[in-house]
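The values are calculated or read from the model by the stated rules, or taken from the named source; none is laboratory data. Treat the numbers as computed from the prediction; the structure is a model and nothing was measured. For neighbour counting, all protein chains shown are included, and Cβ atoms are generated from backbone atoms with ideal geometry for every residue, glycine included.
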Amino acid sequence: MENDAIPHLPEFNDAALDKAFSALAQQATSEAAAIASAEDAEAFRLRWTGRKQGRLNDVSARWLKAAPPEAKKAVGERFKMLKDLIERLVDESSSSGPTDAVLAAEAIDITLPGTRRLLGAEHPITRTLNEIVSVFAALGYSVGVGPEVETDFYNFESMNFPPGHPARDTQDTLVVASQERRPQRDRLLLRTHTSPVQMRTMELQPPPVRIVIPGKVHRNDAMDATHSPIFHQVEGLCVDTNITFSDLKGTLDHAMKAFFGSSVKTRFFPSFFPFTEPSADVQISCIFCGGKGCRKCKHSGWIELLGCGMVDPAVFAFAAEKQPAYDPKKISGFAFGMGIERIAMMKYGISEIGQLFAGDMRFLNQFV
Ligand SMILES: [Zn+2]
């Protein structure tokens with residue numbers, strides 16, 4: 001029907017007019033429905049409403065103007081309706097909305113699964129740390145934290161490592177550079193243990209104290225399978241009147257049973273730490289072989305896990321400078337500490353400490 005001429009009407013009665021006009025209306029409607037692009041829409045507009053060759057123009061010339069006077073009104077009414085229809089179709093087809101083809105190209109399949117955000121999970125270090133802390137929290141201990149960049153005083157001197165004392169050499173320390181003009185006790189270093197928080201807590205709070213201190217510590221250790229320059233500790237401190245070594249043994253025995261299972265046994269060996277006197281190393285019966293002896297416990301049946309002891313009176317003397325209630329003649333206490341990596345590696349069968357810090361998702365996903 002492209003560019004076909006509008007035929008002259010043979011008659012102008014109502015039936016002939018209805019037939020002729022409705023044929024044009026149907027043609028326009030079906031052409032409008034087939035429009036798929038802006039070019040199609042423009043062609044449609046020109047074909048029907050163009051000033052020279054537009055079909056409406058032809059209809060007006062051949063039907064309306066040629067109509068006998070008595071039929072002018074009937075033709076005019078129908079022409080007006082056809083013109084309104086064409087104008088509406090032109091408006092709809094040329095509006096700025098996207099065409100079907102564009103819509104199809106941009107369609108989103110809402111039945112496809114969306115982009116999932118992975119839920120976070122605890123790192124094995126964090127999980128082990130929280131589990132140990134919760135054992136002591138159940139015993140009434142609160143949690144203390146402190147700075148990782150610490151002064152020599154809190155990290156060493158107040159913990160009874162006097163300047164020049166050989167015990168300092170056992171903790172290869174990372175110190176902040178260019179502090180030679182400061183007094184030694186004010187010089188900054190990366191804390192080598194969480195013990196400074198013991199002193200910071202006692203300075204703020206008179207006895208009784210029951211606190212566990214989880215945290216990151218730093219030593220200038222070369223990386224190997226079991227050593228890392230960064231690792232984590234949980235320390236504990238209990239100070240009150242009449243605290244004895246029996247309280248220490250009972251507390252740690254209970255804690256190890258709560259953490260590793262009620263069949264675990266503990267035993268204590270004399271040791272040395274500057275900030276406790278007497279001091280002890282704590283072993284637990286091997287959690288892998290139950291004490292019979294295996295490769296993990298080097299066939300001894302026991303695994304060394306903790307250091308502990310009764311707080312040295314010299315440490316209380318430093319605390320008493322700010323809190324006189326820490327009088328070693330009136331109060332006593334115990335402290336203990338353990339390395340988190342060692343416990344996590346044992347619990348989860350990890351052979352390289354570096355895997356805990358490498359951030360490799362293939363490793364970490366195993367603990368989700
Ligand atoms: Zn064993």
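Data for the structure
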{"read-out": "Residue selected from segment 223-250 under the condition assigned to a helix (DSSP H, G or I) and out of contact with any strand residue (DSSP E or B) (no Cβ under 7 Å at 6 or more places or on another chain), by the criterion surrounded by the most Cβ atoms within 10 Å (Cβ to Cβ)", "value": "250"}
{"read-out": "Residue in segment 31-52 that is at pLDDT below 85 and more than 17 Å from residue 92 (Cβ to Cβ) present", "value": "yes"}
{"read-out": "Segments classed as helices (runs of 4 or more DSSP H), wholly inside segment 91-191, with at least 2 members that are touching a residue at least 12 places away in the same chain (Cβ under 8 Å) and surrounded by 13 or more Cβ atoms within 10 Å (Cβ to Cβ)", "value": "124-137, 152-155"}
{"read-out": "From 219, 210, residue being closer than 22 Å to residue 315 by Cβ and modelled with pLDDT under 95", "value": "219"}
{"read-out": "Any hit, segment 66-79, residues being under 60 Å from the mean Cα position of the chain (by Cα) and free of Cβ contacts under 8 Å to residues at least 24 places away in the same chain", "value": "no"}
{"read-out": "Odd one out for residue 284 among (1) of a type outside the set (Gly, Ala, Ser); (2) within 16 Å of the ligand (Cβ to nearest atom); (3) surrounded by fewer than 16 Cβ atoms within 10 Å (Cβ to Cβ)", "value": "(3)"}
{"read-out": "Residue match in segment 288-297 (condition: aromatic (Phe, Trp, Tyr) and over 27 Å from residue 223 (Cβ atoms))", "value": "no"}
{"read-out": "Pairs, first in contact (Cβ under 8 Å) with a residue 40 or more places away in the chain in segment 283-302, second β-branched (Val, Ile, Thr) and more than 8 Å from the ligand (Cβ to nearest atom), C-beta under 8 Å, six or more apart", "value": "287/264"}
{"read-out": "Single residue of segment 291-303 satisfying the filter (under 38 Å from the mean Cα position of the chain (by Cα) and exposed (fewer than 15 other Cβ atoms within 10 Å of the Cβ)) that is farthest from the ligand (Cβ to nearest atom)", "value": "295"}
{"read-out": "Residue within segment 190-200 that is more than 23 Å from residue 317 (Cα to Cα), out of contact with any Gly (no Cβ under 9 Å at 6 or more places or on another chain) and at pLDDT 90 or above present", "value": "yes"}
